[in-house]
Structure formats: C-alpha cells, structure tokens
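Have a look at the structure below, then the notes.
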Amino acid sequence: MDPFLSRIRAPGACLWGTWVKLNSLETLEMLGWAGYDFVVIDAEHSPHTFETTYRTVVAAQGMGMSALVRLPDLHSHDAQRVLDAGADGVLVPRVQGVADARHAMDMLTFSPQGSRGMGITSRAGRWGARPIPEYIAQGNEQVARVLQFEDQQALDAVDSILDVPGVNAAFVGYGDLSLSSGKPAGHPDNAARVQKWLAACQARGIPCGTAVADAAAAARSREQGFSFVMISNDAAMFGNAAIEAIKPLKG
C-alpha cells in the first residue's frame, strides 16, 4: 500500500477515515472490512494509552488501513514513540501560531533538522532490520505531519504557520473553531476563514483534512477540496446503532 501522505497528495484524491476512540480490535476490524481508508487513533479525547495506541496502529495497518495518531497535546512526550511504532502520520492538536508549528516539526523530524532521535530497533525500523537510510527517509519524507487548526487566531495566521519548514498536511477542527470564535461552525465569518485556509493549503500543495458527522457532510467536504475526511467515530457509530435498535421498543 502506498504511504498515506502520497495518497492524499494525488490530484483529486479524497480518503475516508474515522476516529478510533475504543480499545477494541473487533470494531477496528469491522472498520477495515467496511472499507475505510484510514483511522486516526484519538489519544487526545479518549482513554487510549501508548500501549493501546501501539496495538491499534499495528492492527489497523494489518487490515489494510493507514493508521494516524492524534497526540494528547502539543507537547506530548509520546510523539517519538508513536512514530517509532510505525504510525503513518501524527495530528498535533491546538496549534495556535508559528512557535507551536516549529515545536511540532522539531519533535516530528529527525536530527539535525529536528530533535527526533534514531530508534532503528523499533517497529518503524523493523526491529533493526531496516537499512538506516531507508528508516530516516521514511520518517522525514513519508510521515504525515498534520497541524490542527482549531482556533480563530490560528486560522487568521494560516500563511505564516504553513510556511514553517516541515509542515506537509493540515487539519481544520470546526468544533473548537466555533468555541474560540463564539459563532456556529457554519457562520459566514467561520466559513470565510475556512475558505481562506483551504486556499492557503492548496496554494502550497499541502493536503488538508477535516472531521464531519456523516456521509453527506463528507461529500460536501470533498467538493470543497479536502483530501482526507474523518466521518464520525467508532464509539458514536456503535452508540447510535444501539440507540436505534432499542428506540422502537422503548415507546
């Protein structure tokens, strides 16, 4: 399977994924069988530990899906271990300015450009069997380093943030944008911010992603120019299905 980053860079591409909040290999397999292109293991808003994150990365890739990880926070100490676990990409939450973007690129890029250390005896290095130049090239050139734009000030500073060396993907979060702006996600002011953000990404050839509630919204996102879209999440899918199954019997 081609690297996730290569696939979202393809002209006209749009990959479909979802958030993984459950520590459940069974539901993960169901997502793979259903045909999802990728999953994002959510270490920010779910109980995932590094160990459950690691095992989910391995299992998702074994099911033919790309596996990305959203870090718990901007300064997560797990960033290097997530990369050495072989994740296809990392989402860095709540990036608010150039300093945050530089910090993120530093921890996600090998020395001397960044501060990531060599872990050739990790899974990403095939437990020491991978040639070192290949391991370094994969880490620097094939890992999606996704900055999350979630606050009004971040979207307003999109040009300077995207120009930080090493940024190769971006994500806009409508929920936190609504909170920070004090306006609904669909408000014309927020819609204009997102359109400016999309244009800035596209001008630089940076793939852009988002998360939505359902397939109809996902289709609209593709029409807007998004290259990867998360649809709902595994916990909500199960929860909503459970509600619909019992609702007719509860009067």
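The values are calculated or read from the model by the stated rules, or taken from the named source; none is laboratory data. Keep in mind it's a predicted model, so treat the numbers as computed, not measured. So basically every Cβ, Gly included, is an ideal-geometry build from the backbone, and we count neighbours across all protein chains shown.
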Among residues of region 137-160, those that are among the hydrophobic types (A, V, I, L, M, F, W, C) and in a strand (DSSP E or B), counted
4
Within region 46-63, is even one residue surrounded by fewer than 18 Cβ atoms within 10 Å (Cβ to Cβ), over 27 Å from ASP176 (Cα atoms), modelled with pLDDT of 95 or more and of a type in the set (Val, Ile, Thr)?
yes
Search region 126-146 for residues that are surrounded by 12 or more Cβ atoms within 10 Å (Cβ to Cβ) and pair each with any residue that is aromatic (Phe, Trp, Tyr) when their beta-carbon atoms are under 7 Å apart and the residues are at least 6 apart or on different chains.
ILE136/PHE110; GLY139/PHE110; ASN140/PHE110; ALA144/PHE4; VAL146/PHE171
Quick check: is even one residue across region 96-114 at pLDDT 95 or above, touching a Phe, Trp or Tyr at 6+ places or on another chain (Cβ under 8 Å) and either surrounded by 17 or more Cβ atoms within 10 Å (Cβ to Cβ) or polar (S, T, N, Q) (or both)?
no
Could you pull out the residue among ALA200, ALA213, ALA170, ALA235 that is small (Gly, Ala, Ser), touching a residue at least 12 places away in the same chain (Cβ under 8 Å) and in contact with a Ser or Thr (Cβ under 7 Å, 6 or more places away or on another chain)?
ALA213
Of the residues in region 1-48, those that are assigned to a loop (DSSP other than H, G, I, E, B), touching a strand residue (DSSP E or B) at 6+ places or on another chain (Cβ under 9 Å) and more than 25 Å from ASP78 (Cα to Cα) number 5
Restricted to region 66-83 and to residues being of a type outside the set (S, T, N, Q) and in a helix (DSSP H, G or I), the residue nearest to ALA104 (Cα to Cα) is ALA79
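Conditions tested, residue by residue: (1) at pLDDT 95 or above; (2) within 25 Å of SER6 (Cβ to Cβ); (3) out of contact with any Asp or Glu (no Cβ under 6 Å at 6 or more places or on another chain); (4) of a type in the set (A, V, I, L, M).
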| position | (1), (2), (3), (4) |
| --- | --- |
| GLU44 | yes, no, yes, no |
| GLY89 | yes, yes, yes, no |
| VAL92 | yes, yes, yes, yes |
| ARG130 | yes, yes, yes, no |
With criteria (1) touching an Asp or Glu at 6+ places or on another chain (Cβ under 9 Å); (2) buried (at least 17 other Cβ atoms within 10 Å of the Cβ); (3) among the small types (Gly, Ala, Ser), ALA10 comes up short on (2)
Of the residues that sit in region 218-242 and are surrounded by fewer than 16 Cβ atoms within 10 Å (Cβ to Cβ) and farther than 23 Å from TRP33 by Cβ, which one is nearest to the chain's Cα centre (by Cα)?
GLY225
Scanning region 170-210 residue by residue, the ones that are out of contact with any Pro (no Cβ under 8 Å at 6 or more places or on another chain), assigned to a helix (DSSP H, G or I) and under 20 Å from PRO93 (Cβ atoms) total 12
